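Okay, structure first, notes after.
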Amino acid sequence: MTLATLHDEVREAILREIAAGTFKPNDKILSEREICELHGVSRTTARRAIYDLVNDGVLYTVSGKGTFVAERPLRQELRLLVGFTEDLRSQGQDVRTRVLALERVEANEDIALALGMRVQAPVTKLSRLRLLGDRPLAIQTSYLPEHRCPGLLHYDFAERSLFDTLRRDFNLTLVGGTTTIRAALANPAEAELLKLVPPASVLRTEQCTNLDSGEVIELCLSSFHGEKFELSSATGPQNGAQFTTVYSGERKH
């Protein structure tokens, strides 16, 4: 049996143990010596199997303490007509929301351009911190034209969905839009809210959601915890609507 085959077998054995729940997130796995004894392989083979799993993000090492199972990143599909909370709750995650800001502001040039409005036009700003238990997952700030949904300032968005509110209370039909994704280093405000130790990575998205009239109803700027999220895109018809996802920037390791 070749070294490559042995290394692959050890790697797959570790993955099976993790999948079976023998080792859970943040559990310490067997040491190199224990892996050697269990599988009858050399230290080099055990070390390579662990090294590859660390590179894949399945394991992580702590100097002087050993090798541990990494937490599985949460996956969010960028389905523009499905809210953040609804998406993650469909995966069995108990996500909660903390409202950071809900206020009337004037559109700057970037917001006005995205929403198709004049500069300084009134918009509603809703900024939310998304959490899983006490762990912060993402910061999301939405801007909406005030004239299309007046009275949003009176709603409690810690408990209710923005998209559901737009549909049910304002009779708006959301049909699709675009998303831009890029990797970046967290700025000081993001690092504080997401409890990151700089330098740390975030995934930033810029989402525009359209109405059936063609107007943009929401510009949503999000920053996702770089170590806890995978973002995937859905393409093609979604709830009878067509939308696209555009990727920009380089992935940082």
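The values are calculated or read from the model by the stated rules, or taken from the named source; none is laboratory data. Model, not experiment: these values are computed from the prediction. When we count neighbours, we look across all protein chains shown, and the Cβ atoms used for this are built from the backbone with ideal geometry, even at glycine.
Regarding the stretch 202-220, can at least one residue be identified that is assigned to a loop (DSSP other than H, G, I, E, B) and basic (Lys, Arg)? Checking the stretch 202-220: not a single residue is assigned to a loop (DSSP other than H, G, I, E, B) and basic (Lys, Arg).
Against the criterion of being under 30 Å from residue 180 (Cα atoms) and either at pLDDT below 85 or in the same structural domain as residue 218 (by TED's automatic domain parsing) (or both), residue 3 does not qualify.
Of all residues in the stretch 69-82 being at pLDDT 55 or above and assigned to a loop (DSSP other than H, G, I, E, B), which is nearest to residue 30 (Cα to Cα)?
70
Of all residues in the stretch 103-125, those being under 18 Å from residue 210 (Cβ atoms) and part of a strand (DSSP E or B) number 2. Please verify whether the stretch 139-158 includes one or more residues that are touching a strand residue (DSSP E or B) at 6+ places or on another chain (Cβ under 7 Å), at pLDDT 90 or above, assigned to a helix (DSSP H, G or I) and buried (at least 21 other Cβ atoms within 10 Å of the Cβ). Checked against the condition, which is being touching a strand residue (DSSP E or B) at 6+ places or on another chain (Cβ under 7 Å), at pLDDT 90 or above, assigned to a helix (DSSP H, G or I) and buried (at least 21 other Cβ atoms within 10 Å of the Cβ), the stretch 139-158 yields at least one hit.
Tallying residues that are under 17 Å from residue 60 (Cα atoms) and exposed (fewer than 11 other Cβ atoms within 10 Å of the Cβ) within the stretch 22-47 yields 3. Against the list (1) free of Cβ contacts under 8 Å to residues at least 60 places away in the same chain; (2) touching a Gly at 6+ places or on another chain (Cβ under 9 Å); (3) of a type in the set (Phe, Trp, Tyr), the condition residue 155 fails is (2).
Residues of the stretch 169-194 being of a type in the set (D, E, K, R) and modelled with pLDDT of 90 or more, which ones? Answer for the stretch 169-194, where residues must be of a type in the set (D, E, K, R) and modelled with pLDDT of 90 or more: 169, 190, 192. Of the residues 126, 144, the single one that is in contact with a helix residue (DSSP H, G or I) (Cβ under 8 Å, 6 or more places away or on another chain) and in contact (Cβ under 8 Å) with a residue 60 or more places away in the chain is 144.
In this structure, residue 219 qualifies as more than 9 Å from the chain's Cα centre (by Cα), of a type in the set (A, V, I, L, M, F, W, C), modelled with pLDDT of 55 or more and assigned by TED's automatic domain parsing to the domain that holds residue 131. Filter the stretch 126-135 for residues that are in contact with a strand residue (DSSP E or B) (Cβ under 6 Å, 6 or more places away or on another chain) and either crowded, with 19+ Cβ neighbours inside 10 Å or not in a strand (DSSP E or B) (or both) and give the result. Listed by number, the residues that qualify are 126, 128, 130.
In the stretch 1-51, the residue that is nearest to residue 68 (Cα to Cα) out of those that are among the hydroxyl-bearing types (Ser, Thr, Tyr) and in a loop (DSSP other than H, G, I, E, B) is 31. Regarding residue 94, is this residue at pLDDT 85 or above, in the same structural domain as residue 153 (by TED's automatic domain parsing) and either surrounded by 14 or more Cβ atoms within 10 Å (Cβ to Cβ) or among the acidic types (Asp, Glu) (or both)? In short, no.
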